[in-house]
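The values are calculated or read from the model by the stated rules, or taken from the named source; none is laboratory data. Treat the numbers as computed from the prediction; the structure is a model and nothing was measured. No Cβ is skipped: glycine too gets one built from the backbone with ideal geometry, and neighbour counts run over all protein chains shown. Heads up: the accessible areas ignore ligands, DNA and RNA and are worked out on the full protein's heavy atoms, side chains in. Shrake-Rupley method; radii C 1.70, N 1.55, O 1.52, S 1.80 Å.
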Amino acid sequence: MESKAVGFCAVVAVLGIISAAAGFAGEATKVKANEVLAVGGSCVYPSSPALALGIIAAVFAIINRIYISVTFGGGGCCRNDPNSTPISKLLAVLSWVATVIAVCLLLAAAGLNNKEGGQVDSYGYYTCYVVKPGIFAAGAILALLSAVFGIAAYITLTPPPQITTTNPTVAFPMGTNVDLEKNQAHYPPQQQYPPQQQQYPPPQYPAQQY
């Protein structure tokens, strides 16, 4: 796996784990029904960090979704990407759906956890508003699944073809029916250095008389 893919998977996994951890922490620290006191027709709620944890989980899920979309090119589900496959497009759509539902659940649970008040039920008892069990946990699981689907969609992309460049073979044009042995190039003889000295005949003198 290339370093780019490893970095993408690592970032998405970390963001997904942070979002899921905050969601599970919100589930553990949310206001429970046995912790609310009904006094004189009003509900007294204890302090709880579930509101902040739910918002943090939703924010990290949104950040993770943005990072996947930017790196993955818009999710690859609605584009004519030559590298996309039917499986990667399906996983990208599932990642989008999981993110949207997770953010909605986490924000709704955070808002309901901070809601104070109550109502009188059919039996005449005054009941207080509390978040139902499992909403924070469901949002956390979907945030984690969104990261898993995003990583799987990225991995299932078809890798681009690798283009290799080689030095082309240079071919010299040759005529047809040419015999290299019979048609050898003739070159003029090379001049020898130093040049040979020109020979002159010995001088002839008239015979002397004594």
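The table that follows gives values for the structure above.
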item: Residue pairs meeting the criteria (Cβ under 8 Å; at least 6 apart or on separate chains; first at negative phi and surrounded by 11 or more Cβ atoms within 10 Å (Cβ to Cβ), in region 1-18; second among the polar types (S, T, N, Q) and modelled with pLDDT of 85 or more); result: Val12/Asn64; Leu15/Asn64; Gly16/Asn64; Gly16/Ser146
item: Residue match in region 31-42 (condition: assigned to a helix (DSSP H, G or I), in contact with a Pro (Cβ under 6 Å, 6 or more places away or on another chain) and surrounded by fewer than 17 Cβ atoms within 10 Å (Cβ to Cβ)); result: yes
item: Condition met for Ala28 (open to solvent by 40 Å² or more (accessible area, probe 1.4 Å) and hydrophobic (A, V, I, L, M, F, W, C)); result: yes
item: Criterion (of a type in the set (Phe, Trp, Tyr) and at pLDDT 85 or above) met by exactly one of Phe136, Phe72; result: Phe136
item: All positions within region 82-102 that are open to solvent by 20 Å² or more (accessible area, probe 1.4 Å), of a type in the set (Val, Ile, Thr) and under 16 Å from Ala143 (Cβ atoms); result: Val97, Val100, Ile101
item: Number of the exception - Gly26 against (1) over 18 Å from Gly134 (Cα atoms); (2) over 28 Å from the mean Cα position of the chain (by Cα); result: (1)
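The rows are residues; the columns are (1) modelled with pLDDT under 75; (2) in contact with a helix residue (DSSP H, G or I) (Cβ under 6 Å, 6 or more places away or on another chain).
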residue: Ser47; (1), (2): no, no
residue: Ala57; (1), (2): no, yes
residue: Arg79; (1), (2): yes, no
residue: Pro86; (1), (2): no, no
